Amino acid sequence: VNNCLQLVIQTSSITDKNKPFEFRINKEQSSFHNRLLQHDLEKNYSGRQGNVRYDNTNFGSSSSITSFPVLQRTTEEKILNSDRLTLERQKLTVCPIIDGEDHLRLLNFQHNFITRIQNISNLQHLVFLDLYDNQIEEISGLSTLRSLRVLLLGKNRLKKISNLENLKNLDVLDLHGNQITKIENINHLGELRVLNLARNLLTIVENINGLDSLTELNLRHNQVCSIKDVDTLPCLQRLFLSFNNISSFEDILCLADSSSLSDITLDGNPIAQETWYKHTVLHHMMQLRQLDMKRITEEERRMASVAVRREEERKRESHKQTLLKEKKRLTICNIAHQWEIQQNRVALVASLNTDKDNEPCQINGSAAYVFPEESRSLDTILSSAVQGLSVLESHLVEVEGDTLYLYGSGALECLDRNWSVQTAAAVVTVSFMFIEFDEIVQVLTKLKTKFPNFVHLKFKETNLAALQQFNALAQVNRIEQLTVDPQGNPVISFTLWKYYVLFRLNHFNLQKINGIEVTQNDIVMAERLFGLLDYIASSELPHYRMLSLLGESRRKQFHYLLEGKGKKSGIGNEESNDNRAGGESTARATLNYSTKDFHMEKLEDIKERRTLCQTYVENLVKEAADINMKNESLQKLWPQMFIELVRDAVVEIRNKNSYMKLCLQRIADQKQ
């Protein structure tokens, strides 16, 4: 790896106390510590290890575990290298007792087998301690080393960061190549400038607040997926996160709030594979000078800003579409719920009307008891089922592609809106969901004028329950496809429903029913099953009812039937003529469908007429009875009245002259 950090520790040099001590740190290779010491330790101690004497020279033997060796240096060696001591590659399993070396400032134990830090508590002037590549499992024995500035514990067996409370002057802490799973117990290290935790088992970066002097943090080759608290480090300049598990910018969002960060590496992470990776990072971290060890140019910043704006617009649009889809889903769920409540209410009311006069029946040996308040407050009980639902629309109208979707009965009112010519012409399919078929029948005629190109009808949850309901579809201008979903349409359970549709809507020349092609054999079978139905319907219908149904355009054809050519063969001929002309069969036009509301209105009208007729007849009967009574009274009084009339006439004409004068006088009076 080419990147090396030039680190200068402002501490006294071993050879010259006024000269700063200088060394290099390599971030990636295991030679981190060798490079750290290359200008001092290896140069001054190359070939000099033979001058060091120990009381026990067998450091690798088992006896060395129980008895600590004592290190002794010659007077000459102490004079030449009084402040530093290197014991690398000596196969040490324990730290030897270093007697008479209290003035040591640099101690090197690289590449040994030491398992525990001990026997160095007397080195209170120690500034540099290197224990790289050993077998240490716990940080210990350092509490007295208050002057320690550099602690190198890379490539050991540490699982936890601990026992650093007294090392408040620590400047460099290297813990790479261990088994550490959590960052902890370092918040007090306010002087720490370099922290190396590469090649550990970290998953979350946290608990690093308080490191006010930290300028470099190395977290390469971990399992980091989330970063926190980095924005609280005021001096952090370099952050190395290569080869981790960072997959989204939200995982490292706190980095955007860092004003000091100038160099960052994210290569080897899933996020680095994204097309928006570089643009997003540069846009949110304008202060960066290097990304993944490559210098950032002003042109790259400008392009990143443009790309991020486009990406944000795309995300906003995507988010908007997601919200619309979620709103649509919730609205449809609400409509479906309201539909279910309505169906349950209808079924319950019908059940209550049926069993109103019946005693509770036995079901599975127990009485089916109905609470009195249920029948008294039915709406209250049913409405409680929707408590807690958000206030949503009770209907939905949506044009998607060439299909117009209508959800809920309220959507039918939207057919009256002023549709643009382009939108109306694009609609080929009209889908009805959660709407009573009887309500749909009332708007079928509007479909012909509103959407001239539509040829496909879909019905789902519309209560299509009887074959005669298909008669209403004859009002539509034309249909090439019909789809009736089994859900909420009981008519599908009838085996012959498709043949009845083909028979009744024969003039439409249907191409598909429920996605299945209509064959000539299907049409022949439909005529064979229902061919006589139109003749029976037309022959049984009174002529005045026939005329009212057919309208002006059909009356001429109907008169043709009445002239003796309206037998079965005649009907067939006219039907074929009608079909050739593309119109509906005259006889089949009598097979219509009346909605429940229309039927109820009709019953009300019949009831009113019946009441009127009954009143009229009662009045006639009453008048006839009065006349009869008067006639009977006249018959009884007539003989006496006749005698009196004769008597009066005889008396008047008995004096002829007087009678004549009286008559003349009456005539004269009348003329006046």
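Please count how many residues of the range 482-527 are farther than 30 Å from HIS337 by Cβ and either in contact (Cβ under 8 Å) with a residue 12 or more places away in the chain or in a helix (DSSP H, G or I) (or both).
Total meeting the criteria: 26.
Look at GLU340 and say whether it is open to solvent by 20 Å² or more (accessible area, probe 1.4 Å), farther than 30 Å from THR462 by Cβ and acidic (Asp, Glu).
no
Of all the strands (runs of 3 or more DSSP E) wholly in the range 392-449, which have at least 1 residues that are within 23 Å of TYR593 (Cα to Cα)?
Where strands (runs of 3 or more DSSP E) fall fully within the range 392-449 and carry at least 1 residues being within 23 Å of TYR593 (Cα to Cα), they are 403-407, 429-433.
Name, by its number, the condition in (1) closer than 19 Å to GLY210 by Cα; (2) in contact with a helix residue (DSSP H, G or I) (Cβ under 7 Å, 6 or more places away or on another chain); (3) at pLDDT 85 or above that does not hold for ASP257.
Here ASP257 clears every test but (3).
Quick check on ILE479: is it buried (at least 18 other Cβ atoms within 10 Å of the Cβ) and of a type in the set (Val, Ile, Thr)?
yes
Given (1) open to solvent by less than 60 Å² (accessible area, probe 1.4 Å); (2) under 18 Å from GLN290 (Cα atoms), where does LEU202 come up short, assuming only one miss?
(2)
Would you confirm whether any residue within the range 391-404 is at pLDDT 90 or above, hydroxyl-bearing (Ser, Thr, Tyr) and surrounded by fewer than 17 Cβ atoms within 10 Å (Cβ to Cβ)?
Yes - at least one qualifying residue is present in the range 391-404.
Does ARG302 fit the bill of being at pLDDT 75 or above, under 30 Å from ASN463 (Cβ atoms) and outside any loop (DSSP other than H, G, I, E, B)?
Judged against the criteria, ARG302 is not a match.
Only one of (1) more than 30 Å from ASP229 (Cβ to Cβ); (2) at pLDDT 90 or above is not met by GLU184, so which one is it?
Here GLU184 meets the rest and fails (1).
Testing ILE252 on (1) at pLDDT below 90; (2) among the aliphatic types (A, V, I, L, M); (3) surrounded by fewer than 23 Cβ atoms within 10 Å (Cβ to Cβ), one condition comes back false. Which one is that?
(3)
The values are calculated or read from the model by the stated rules, or taken from the named source; none is laboratory data. In this text, all values refer to a predicted model and were calculated from it rather than measured experimentally. All Cβ positions, glycine included, derive from the backbone under ideal geometry; neighbour counts span all protein chains shown. What goes into the accessible areas is simple: the full protein's heavy atoms, side chains included, and nothing from ligands, DNA or RNA. Shrake-Rupley method; radii C 1.70, N 1.55, O 1.52, S 1.80 Å.
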